[in-house]
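Undergrad: Questions regarding the structure given below will be posed in turn.
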Amino acid sequence: PAKVVDALLHGGTSDSAEIVRSMRLPRTVVGLMVGAALAMAGTVLQGITRNPIADPGVLGISQGASVGVVLAIAFAGAHTLTGYVWFAFAGAGIASVAVYAVATSGRGGATP
């Protein structure tokens, strides 16, 4: 802990300080940002469906993202992480729209 504090506050020049600043700190910041984004996504999903236990796995959104990636690999020849991300995003979006369309087609509309 002393080396981490030294690297962050005093700009140490040791190998451990360089590792903290170049590897550990960016990973920690990205982890915090991803966690915040997932929390926001869950809150939005629960607010839209008015269901406190709504989850992307339960509603099929995660599976839609998986299908998008599999189709991209099989038919579009995507073999990069960037390609996977965009096809997963598209698959999740299509699955979300499909789930919402099925939910609103009922007699009472999209209610919990």
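The values are calculated or read from the model by the stated rules, or taken from the named source; none is laboratory data. Keep in mind it's a predicted model, so treat the numbers as computed, not measured. So basically every Cβ, Gly included, is an ideal-geometry build from the backbone, and we count neighbours across all protein chains shown. For the accessible areas, the whole protein counts, side chains as well, though only heavy atoms, and no ligand, DNA or RNA atoms are used. Shrake-Rupley method; radii C 1.70, N 1.55, O 1.52, S 1.80 Å.
Undergrad: Would you check the accessible area of Ser62, probe 1.4 Å, heavy atoms only, in square angstrom rounded to 10?
TA: Accessible area of Ser62: about 50 Å².
Undergrad: Explain nothing, just the number: relative contact order of the chain, from Cα pairs under 8 Å at least 6 residues apart, as a whole percent.
TA: 19
Undergrad: Given a Förster distance of 25 angstrom, what is the FRET efficiency for Ala90 paired with Met33, based on the Cβ-Cβ distance and rounded to 0.05?
TA: The calculated FRET efficiency here is 0.65.
Undergrad: Accessible area of Met40, 1.4 Å probe, to the nearest 10 Å²?
TA: That residue has around 130 Å² of solvent-accessible surface.
Undergrad: Next question. Where the accessible area of the chain is counted over protein heavy atoms with a 1.4 Å probe, how much of it, in %, is carbon and sulfur?
TA: Roughly 72 percent of what the probe reaches on the chain is carbon or sulfur.
Undergrad: Another one. Kindly rank 78-84, 91-97 from highest to lowest mean number of other beta carbons found within 10 Å of each residue.
TA: 91-97, 78-84
Undergrad: 7 Å from Cα along Cα→Cβ at both Ala41 and Glu18: what's the point-to-point distance in nm?
TA: 3.6
Undergrad: Accessible surface of Thr28 in the full protein assembly, 1.4 angstrom probe, to the nearest 10 Å²?
TA: Around 80 Å² of this residue is reachable by solvent.
Undergrad: Same structure again: Please give the per residue accessible area of the chain, computed with a probe of 1.4 Å over protein heavy atoms only, in Å².
TA: 73
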